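Worksheet for the structure shown next.
The values are calculated or read from the model by the stated rules, or taken from the named source; none is laboratory data. In this text, all values refer to a predicted model and were calculated from it rather than measured experimentally. FYI the Cβ positions are ideal-geometry reconstructions off the backbone, even for glycines, and counts take in every protein chain you see. Side chains are part of the model used for accessible areas, which takes the heavy atoms of the whole protein and leaves out ligands, DNA and RNA. Shrake-Rupley method; radii C 1.70, N 1.55, O 1.52, S 1.80 Å.
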Amino acid sequence: FKTLEIRSRKARERERGNRGTANCRGSTRRVLNSSGRFFPHSLKMKHWALFLLLAIGCYVWQIEAEFFTSIGQMTDLIYVEKDLVKSLKEYIKAEENKLTEIKSWAEKLDQLTHTSTSDPEGYLGHPVNAYKLMKRLNTDWLKLESLVLQQTSDVFIANLSIQRENFPTDEDESGAAKALLRLQDTYRLDSESISKGRLPGAQHEGTLSVEDCFELGKIAYSDSDYYHTVLWMQQTLKQLEEGEASPITQAEALDYLSYSVYQMGDIHRAVDLTKRLIAIDPTHVRAKTNLHYFKKSLEEEVKSDQTRDEEFYQSQSKKKVYMQPENYLTERDSYEALCRGEGIKMTTQRQRKLFCRYHNNNKHPRLIIAPLKEEDEWDSPHIVRYYEMLSDAEIGKIKELAKPVLARATVRDPKTGVLTVANYRVSKSAWLADDEDPVVSRVNQRIGDVTGLEMETAELLQVANYGVGGQYEPHFDFSRKEEPDAFRELGTGNRLATMLNYMSDVPAGGATVFPDFGAAIYPKKGTAIFWYNLFKSGEGDYRTRHAACPVLVGSKWVSNKWIHERGQEFKRPCGLTEVD
């Protein structure tokens, strides 16, 4: 079939390092025996000047050695020199074209960076812009480097070499691409909407070119994700058919598309697409091989259909089959539906139980004069939201403290107890202690005042920022019975409660959802939501399994405080039953 792979940056660098160099003797023979141009078209521009100098040096050596003895032979050098002048003019023209191309690139990037730096978080809040930033720094700037290297520019290359240490990697580009695919699935977005940048709440434009769509399809293909490969190769073809200029050809897109469609089981369409590919490129050897195989597979499928149907019905008649109800949803389906605002189980009857009030925590001294606004978000389990929990100044300070120490967020492996990164948690986090700044200490104290719980045994304030498509799939905050050692090193018991502070508004996506009972709570800057993870008996409340939906547009900042059991014995005493 076909072996298609995405070249890594290292491979491209190796490719640049392995370009051949000319040898003086061979170059001289080529010039003396050639009636055409001195340099073949395949030589890179960066080597032209080197060839020129080497060739002239070789000519001088040859003339001194034997050309001066023959005018007839020397006349040949007249034509060689003419050819050299012609090549030199072509080199100058190529250099001018190169500078024109570099100038065009600089003007485009100057306009783009002017827009992006005016509102960095807002600009990157659009997932297409975030993906294209990864792609530009990981791929496009290297193409520019290759262009500049054709005639070395020491200052630029030295600066680029230094800056490259801080560039995104292939993993970053791939991760941003996969985030777009994740958003596409979760929010049921069609490829056209993403490509044209038509996303809800987006303040900045962000579109995908043919090359961008093609690269997304290739990244999906490299993961054997044929479903998304089909979607993005179809979008590539659509934009090509609409007349968008691109070095990508329809044949290239059809090559991926036909095989991916075959892998998804649609052999009829795979045959049609492969015929279309051969019509465009009759010399495509792999397409001809694939077409033969697809037709053979199609014949075998037709022959086996009847046999398979008979065997299926016979097997079903021998045993009772329990079908899932039509409205059955897996947890993931339920989670993604809630992220889209579907399946929220907020009924009129439940709404009647929800109230808002001023909260002073039984006349706490620091809350008597300035009580907080408290609003019920859910009745059972009880989830409340506090308004004006954090001021804009406090949020700004916490972000400032966290940014330099943000690192990929981790999860605890339930089997080993070791913290590790996971694909289902896509964010960066930092931990802030009380003594790092008075603002941190003040926020922690406020959480203690509002909840009435002991903060001495609570974990440090965790600050998290979700990137493009950032999410945290359904999880528990507390440790289950199968994880007895999860918090043993802390010596403070299990996570009793969670206070989640929202430190930014999110134009689209980013909700906190509870799949078990169908709640979706949306971020509001400066507010915080609070719930208990454990019953008063110390048993875990499994209904509190929750998730952070992928951020579709915007930048989501949160901070959370996990409050532990120890020290709460008299502040939240045991109830009379296991589920009080």
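May I ask you to verify whether K525 is assigned to a loop (DSSP other than H, G, I, E, B) and at pLDDT 95 or above? It is true that K525 is assigned to a loop (DSSP other than H, G, I, E, B) and at pLDDT 95 or above. Taken together, the residues in the stretch 527-546 that are surrounded by 16 or more Cβ atoms within 10 Å (Cβ to Cβ), farther than 26 Å from E388 by Cβ and either among the hydrophobic types (A, V, I, L, M, F, W, C) or over 31 Å from the mean Cα position of the chain (by Cα) (or both) amount to 5. The criterion of at least 3 residues that are over 30 Å from G509 (Cα atoms) and at pLDDT 75 or above is met by the following helices (runs of 4 or more DSSP H) wholly inside the stretch 80-186: 141-149. Residues in the stretch 174-198 that are more than 21 Å from G341 (Cβ to Cβ) and open to solvent by 20 Å² or more (accessible area, probe 1.4 Å): S174, G175, K178, E192, K196. Criterion applied to I278, I219, I248 was being under 23 Å from I194 (Cβ atoms) and in a helix (DSSP H, G or I), and the one residue passing it is I219.
Beta carbons closer than 6 Å, at least 6 apart along the sequence or on distinct chains, pair a first residue in the stretch 276-297 that is touching a residue at least 60 places away in the same chain (Cβ under 8 Å) with a second that is open to solvent by less than 80 Å² (accessible area, probe 1.4 Å) for R286/K2; N290/T274.
One line per residue, one yes/no per condition, for (1) modelled with pLDDT under 95; (2) of a type outside the set (K, R); (3) surrounded by 15 or more Cβ atoms within 10 Å (Cβ to Cβ):
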| position | (1), (2), (3) |
| --- | --- |
| F294 | yes, yes, yes |
| E301 | yes, yes, no |
| T307 | yes, yes, no |
| Y313 | yes, yes, no |
| S317 | yes, yes, no |
| K320 | yes, no, no |
| M323 | yes, yes, no |
| N327 | yes, yes, no |
| S334 | yes, yes, yes |
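In this structure, L390 does satisfy being assigned to a loop (DSSP other than H, G, I, E, B) and either in contact (Cβ under 8 Å) with a residue 12 or more places away in the chain or more than 23 Å from P573 (Cβ to Cβ) (or both). In the set (1) touching a helix residue (DSSP H, G or I) at 6+ places or on another chain (Cβ under 7 Å); (2) open to solvent by less than 40 Å² (accessible area, probe 1.4 Å), the condition left unmet by S209 is number (1). Count, please, the residues in the stretch 188-210 that happen to be assigned to a helix (DSSP H, G or I) and under 17 Å from the mean Cα position of the chain (by Cα). Adding up the residues that qualify gives 3.
Determine whether R566 is open to solvent by 10 Å² or more (accessible area, probe 1.4 Å), out of contact with any Asp or Glu (no Cβ under 7 Å at 6 or more places or on another chain) and either touching a residue at least 60 places away in the same chain (Cβ under 8 Å) or among the polar types (S, T, N, Q) (or both).
The answer is yes for R566.
Taking every residue in the stretch 354-380 that is over 19 Å from Y522 (Cβ atoms) and open to solvent by 60 Å² or more (accessible area, probe 1.4 Å) and pairing it with any residue that is of a type in the set (G, A, S) and assigned to a loop (DSSP other than H, G, I, E, B), at least 6 positions away or on another chain, the pairs with Cβ-Cβ distances below 9 Å are N362/G452.
Per the conditions (1) open to solvent by 30 Å² or more (accessible area, probe 1.4 Å); (2) over 30 Å from H126 (Cβ atoms), the sole criterion not satisfied by K524 is (2). Just one of (1) part of a loop (DSSP other than H, G, I, E, B); (2) touching a Lys or Arg at 6+ places or on another chain (Cβ under 6 Å); (3) crowded, with 23+ Cβ neighbours inside 10 Å fails for M499. It is (1). So, in the stretch 424-454, of the ones that are within 23 Å of E375 (Cβ to Cβ) and assigned to a loop (DSSP other than H, G, I, E, B), which residue ends up least open to solvent (accessible area, probe 1.4 Å)? Here the residue is L453. Among residues of the stretch 70-79 being assigned to a helix (DSSP H, G or I) and among the polar types (S, T, N, Q), the one that is modelled with the highest pLDDT is T75.
Restricting attention to the stretch 485-519 and to residues that are of a type in the set (A, V, I, L, M, F, W, C) and over 24 Å from R543 (Cα atoms), the residue that is modelled with the lowest pLDDT turns out to be L490. The residue pairs whose first member lies in the stretch 523-540 and is closer than 17 Å to F476 by Cβ, whose second member is outside any loop (DSSP other than H, G, I, E, B) and among the basic types (K, R), and whose beta carbons are closer than 7 Å, counting only pairs six or more residues apart or on different chains, are I529/R385; N533/R495.
Based on this model, can you work out whether E400 counts as open to solvent by 40 Å² or more (accessible area, probe 1.4 Å), in a loop (DSSP other than H, G, I, E, B) and over 27 Å from Y187 (Cα atoms)? Considered against the rule, which asks whether it is open to solvent by 40 Å² or more (accessible area, probe 1.4 Å), in a loop (DSSP other than H, G, I, E, B) and over 27 Å from Y187 (Cα atoms), E400 comes out as no.
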